[in-house]
Amino acid sequence: MLRSWLQRILLRVTQPQLLRRRPAMAIILIIHLICGALLLRLELNNAPELYFPSDAPATVLERELRAEFPNDEILIALFEGDDLYSSEVLGALDRVAGRMEAHPDVDRVFSVTRVDHIAGSADGFVVEPLIDPERLDEGTADERLQRVLADRFMPGWLASRDGKVLALVVRTHKLQESRQRQSVEQALYDAVGEEAVDERLTAVAGTVALDAAQLCSMVRDTLVFTPLVMGLGLALLYWVVGRIVPIVIGAVAMSTVVIACVGLIAALGLPYTLVTAMIPTLLSAYTVGNLLHLYAALKRMRDAGFRRPKRVVFALQSVHSPAMFNVLTTAAGMISLVLVPIPPIQVFGAISAVGVVVIYFVVFYLVPPLLVKYDRGPWPKSGGGFAWTKRISYAFASFGMRRAGWVVGGAVVLAVAAIPLALKVQAESDLLKFFTASHPLTQSTDRVERTLVGVTALEIVIDGPGRDAFKDAKRLQAIKALQMQVEALPEVDRSLSMMDIVEEMHWAFNEEDEAFRRLPDDDRLLSQLLLIYDGRDLQELVNNEYQRMRILLNVNVHGANEIQGVIDRIEALIATVDDPALKWELAGYGRLFADQEDLLVVGQLHSFLGAFGQIFLIMFLLWRSLPAAVIGMIPNLAPLFFVFTLMGGTGIPLDMATVLIAGVVLGITVDDTIHLFHNYLARREQGRSVVFSVARSFEASGRAVVAISLLLVSQFLLLGTSSFVPTSNFGLLTATGLLAGQLMELLMLPALLVLWGRFRTRHRFLSA
C-alpha cells in the first residue's frame, strides 16, 4: 500500500495535470492577500550583530563585556567655524548634547561642555567640568580654547589639535535594530537644525551612521531595482514572445513568487538585511528564465499544429521533467549557502531555495491554467526578438564539435594560466568600501580621521586574578608600558585606560607638577586616589571590584584584514608582559569585524563543496552515469573559476555580497546543462549518433537556452548600475559568471560529448 501511494505521488510530480483556472487564480489571490499582509510585519534591519554567530567566542565575550561596561557604538558630529568657542556656539552645542542625551537610545554624549577635567586644588584635586555650560558668560573664547587644548584628553578626541574643529560624540545603548540607529542619527540632525548650528556641521560618522547609511542604501536598492529588474525581464520576454497576454501572466507569476518569499521572511520573523535584500531581484530574474522555457515549448507545440488546451498540456509535459531537476539543482546551489556561518547569508540561501521551489510551482502549476483560459490569439510564426540566438548557439556548438580537442585543450591552458589570479582573491570586509568615494559617509569618515582619530573601536580586556587586582601599582605600571607600546603602532590613534585617569589624579594631587604625571609607586597612595575620585569616567574603564579593566583604542583602519593585522601585533606585544596571573582578550566592534574574514573563507569553501556535491549527486541520479555527471559538471565549474579569476585580477574581495555568487551561478548555469543533456540523451537512446544528437539538441533547445541566459545576464547587469557597491558587485559578477557559463555550455559541452563519444567508440573497438 505504501509503495502504491509513493508511486501515485511520483506519477503526479513527474506528470503534472492541469489545474482548473479558478483554483489556480484562488491560490494566486490567497498568496497575495496573506503575504501582502505579512509585509506589514517585515523587519528592516541590518544591525551589525546580525552578522555574527551567537556562539562565536568574540560574540560571547561581547555580551559578557557589555553587561559590565558601556557600548562602543558611537555617532560623531564634527563642527567647524571661527566662532566655535564663543558662548553662543558652545551654548548651542551644549543644548544639542542635552537633546541627544534625552533620546531613549542614547547612553551618554561627550562634548567639551559635558566631560570631566581633573585639576589641582587646596585639598588635593577636584573633578570639574572642562567647560561649565552654566558659566559661559565668564571668560573669553580664547581662554576657553586654551583650556580645551591644555586638557590631556581633548586634543584629537573632542577637539582638533589646532582648535578649529569641535566634535560631539554620541554613545548609544546596546541597540538591536538599524531603525534605532537611524532614529538617533535623525535626532542629531533635528537637534542641530533646531539650535541653528547646521551650517557648522561638516561631518557625521561612526558605527551608528554606517548602519543607518547601509539601511538607507539597502531599502533604496530594493525599491528601485526590484521593479526595474521585473520590468526589464517582462520587456525582454515580450521581445522574445511577441504577445501581451503571456507577458501579463508572467508579471502575475513574478509578483506571486516575490511576495510569497518576502512574506515568508516576515512570517518567520527574520530580518530583511543587506544580503536578503538581493532575494527579490534574484527570484524575479529566475522566474523569467523558467517562463521562457515554458513559452519556448508552447511555441514548438504551436509550430507542430497543436491548439489549446493540448498545446499547453504537451508543452508542459515536454519541459516538466528537466524543469523539475532544474529546481533541484538550483535549490541545491542556493541551500549550500546555509553552510556559511553568517546568519543573513544562511537566510538568503534557505529563502532562495524555497523561492526556487515556489517558482517551479507557480510557473508549471499556476501559469498553465491561465494560458489555457486567456491566451487565445495566435503566436507569431517568426522566432521573436531573439531569433538570432538559434543561429548563434548552433554556430558555437558546431565549432565545439569540429574542434573538440582544441576547445578542451584551450580551456585547460587558460585555466592553468589564470590560477595565479584566482589565488589572489582575498576575504575582506570593509563596510566603508560598500560606499563610493563621493558618498557623504565616506567623506565624513575621512574628515573625522584627518582632524581627530580613527573611528574603528578596539578594546584590550584584562582580567586580574581576583578582587582589587588592579590596585597593584607595579601591575598597573607594567600594563601602562604595554599601552604605550600599543599606542605607538601607526594604526592606533588614541588609547584610554584607568592608568591615564590615575596619572591625571596623581598630577593634580601634587599641585599639577609635570614630574608627577605618572602612576604612583605606592599601593596605598594608589588606593587613596581611587577612593577620593568622584568622576564617572573611571567606572567605564574598570569594574567595581577592580578585577577587570579595559584599554580603549581608536584605530584608523577599517578592513577586516587590516584590523586583524593590528590585533596580531597587539597580541605579540601582550605576549611580552611578564604577569601570568593576567588574562588578556581583544574585544570591541573591530574584533567582531576581523573575525568575519575566517567565517567568509570557511563558509565559501563549505558552500562550494556543498553545492558541488549536491548537484553532482542529482546529475548522477538523473542520468545514472558517472561520466555523464562529470561531463555535466565541468562546464558549470568553469564560470566559477572565471569569476574568481576576475575578482583576483580586479581586486574585488570575497565579502558579504560576493560570497553568494558561487552558489547562485552554479545553481543557475546547471539548468542549461540539464536541458541540453536531457535532449542529447533522449536522441542517443533512439539510436542517433553523437554528432547528430548534439546538433539536434542545440538546434532544438539552444535558442531558449541562449535567450534565457541573455535575459538573466541583462537583468543582473542592471544591478551593476547601483551606487551601493555590494549590489553592484553582486550584479556584475553574477552576470559575468552566467555569461561565461553560457559560453562554456555552447563550446565545451559539445566538445566534451564528442570526445566522450570517441573514447567510448575506441574502447568498444579495442574490446572487440
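Quick notes
- Filter result (of a type in the set (Ser, Thr, Tyr) and at pLDDT 95 or above) within segment 173-212: Ser183, Tyr189, Thr202
- Sole residue being among the charged types (D, E, K, R) and within 17 Å of the chain's Cα centre (by Cα), chosen from Asp198, Asp221: Asp221
- Cβ-Cβ under 8 Å pairs, at least 6 apart or on other chains, segment 589-600 side farther than 11 Å from Ile567 by Cα, far side of a type in the set (Val, Ile, Thr) and in a helix (DSSP H, G or I): Tyr589/Thr207; Leu592/Thr59; Phe593/Ile563; Leu600/Val659
- If the condition is being exposed (fewer than 15 other Cβ atoms within 10 Å of the Cβ) and either in contact with a helix residue (DSSP H, G or I) (Cβ under 8 Å, 6 or more places away or on another chain) or aliphatic (A, V, I, L, M) (or both), then segment 79-90 contributes only Asp83.
- Cross-chain or 6+ apart pairs with Cβ under 6 Å, segment 257-282 first and in the same structural domain as Pro344 (by the TED database) and within 13 Å of Val219 (Cα to Cα), then of a type in the set (A, V, I, L, M) and in a strand (DSSP E or B): Tyr272/Leu44
- Qualifying residue in segment 720-727 (condition: closer than 30 Å to Arg758 by Cα, within 30 Å of the chain's Cα centre (by Cα), at pLDDT 80 or above and in a helix (DSSP H, G or I)): no
- Residues that are surrounded by fewer than 23 Cβ atoms within 10 Å (Cβ to Cβ) and not hydroxyl-bearing (Ser, Thr, Tyr), drawn from segment 690-710: Val690, Val691, Phe692, Ala695, Arg696, Glu699, Ala700, Leu710
- Asp211 vs. criteria free of Cβ contacts under 8 Å to residues at least 12 places away in the same chain and of a type in the set (Asp, Glu): no
- Criterion (modelled with pLDDT of 90 or more, touching a helix residue (DSSP H, G or I) at 6+ places or on another chain (Cβ under 8 Å) and more than 30 Å from Ile342 (Cα to Cα)) met by exactly one of Ile247, Ile265, Ile259: Ile247
- From the options Ala457, Ala418, Ala469, Ala508, residue that is closer than 30 Å to Leu201 by Cβ, in contact with a Phe, Trp or Tyr (Cβ under 9 Å, 6 or more places away or on another chain) and small (Gly, Ala, Ser): Ala457
- The lone exception for Gly651 - which of (1) outside the structural domain of Ser709 (by the TED database); (2) on the phi > 0 side of the Ramachandran plot it fails: (1)
- Residue in segment 143-152 that is acidic (Asp, Glu), farther than 26 Å from Glu449 by Cα and not in a strand (DSSP E or B) present: yes
- Ser111 vs. criteria under 18 Å from Leu78 (Cα atoms) and either outside the structural domain of Ile532 (by the TED database) or touching a Ser or Thr at 6+ places or on another chain (Cβ under 6 Å) (or both): yes
- Test: Leu136 is modelled with pLDDT of 95 or more, buried (at least 18 other Cβ atoms within 10 Å of the Cβ), closer than 15 Å to Ser111 by Cα and assigned by the TED database to the domain that holds Phe110: no
- Out of Glu685, Glu699, sole residue that is within 22 Å of Val241 (Cβ to Cβ) and at pLDDT below 85: Glu699
- Criterion: surrounded by fewer than 21 Cβ atoms within 10 Å (Cβ to Cβ) and modelled with pLDDT of 95 or more - qualifying residue of Pro104, Pro155: Pro104
- Restricting segment 117-133 to residues that are crowded, with 20+ Cβ neighbours inside 10 Å and at pLDDT 90 or above, the residue that is farthest from Val96 (Cα to Cα): Leu130
- Residue count for segment 112-134 under the criterion of being in contact (Cβ under 8 Å) with a residue 24 or more places away in the chain, out of contact with any helix residue (DSSP H, G or I) (no Cβ under 7 Å at 6 or more places or on another chain) and outside any strand (DSSP E or B): the result is 1.
- Candidates Val555, Val542, filtered to the one that is buried (at least 18 other Cβ atoms within 10 Å of the Cβ), modelled with pLDDT of 90 or more and farther than 17 Å from Val492 by Cβ: Val542
- Pairs linking a residue in segment 228-243 that is part of a helix (DSSP H, G or I) to a residue that is of a type in the set (S, T, N, Q), with Cβ atoms under 6 Å and 6 or more positions apart or on different chains, are Val229/Thr281; Val229/Ser284; Val229/Gln715; Met230/Ser284; Leu232/Gln715; Gly233/Gln715.
- Flag for Lys433 being assigned to a helix (DSSP H, G or I), among the basic types (Lys, Arg), under 30 Å from Asp221 (Cα atoms) and out of contact with any strand residue (DSSP E or B) (no Cβ under 6 Å at 6 or more places or on another chain): yes
- Hey, Gly400 outside the structural domain of Ile501 (by the TED database), at pLDDT below 85, farther than 30 Å from Tyr238 by Cα and assigned to a helix (DSSP H, G or I) or not: yes
- Cross-chain or 6+ apart pairs with Cβ under 7 Å, segment 190-202 first and part of a helix (DSSP H, G or I), then aromatic (Phe, Trp, Tyr) and at pLDDT 95 or above: Arg200/Phe79
- Exactly one residue among Ala253, Ala277 is under 25 Å from Val725 (Cβ atoms) and either assigned to a helix (DSSP H, G or I) or touching a Pro at 6+ places or on another chain (Cβ under 7 Å) (or both), and that residue is Ala277.
- Of the set (1) of a type in the set (A, V, I, L, M); (2) crowded, with 16+ Cβ neighbours inside 10 Å; (3) more than 28 Å from Pro322 (Cβ to Cβ); (4) out of contact with any strand residue (DSSP E or B) (no Cβ under 7 Å at 6 or more places or on another chain), all apply to Val413 but (2).
- Qualifying residue in segment 313-336 (condition: within 30 Å of Gln596 (Cβ to Cβ), β-branched (Val, Ile, Thr), modelled with pLDDT of 90 or more and surrounded by fewer than 24 Cβ atoms within 10 Å (Cβ to Cβ)): yes
- Test: residue in segment 604-617 that is under 29 Å from the mean Cα position of the chain (by Cα), of a type in the set (A, V, I, L, M, F, W, C) and over 30 Å from Ala331 (Cβ atoms): no
- One residue alone among Asp162, Asp132, Asp116, Asp105 is in contact with a Leu (Cβ under 9 Å, 6 or more places away or on another chain) and under 22 Å from Asp534 (Cα atoms), and that residue is Asp116.
- Residue within segment 64-73 that is aromatic (Phe, Trp, Tyr), touching a strand residue (DSSP E or B) at 6+ places or on another chain (Cβ under 7 Å) and farther than 30 Å from Leu270 by Cα present: no
The values are calculated or read from the model by the stated rules, or taken from the named source; none is laboratory data. Please read all numbers here as calculations on a predicted model, not as lab measurements. Every residue, glycine as well, gets a Cβ built from its backbone with ideal geometry; the counts of neighbours run over all protein chains shown.
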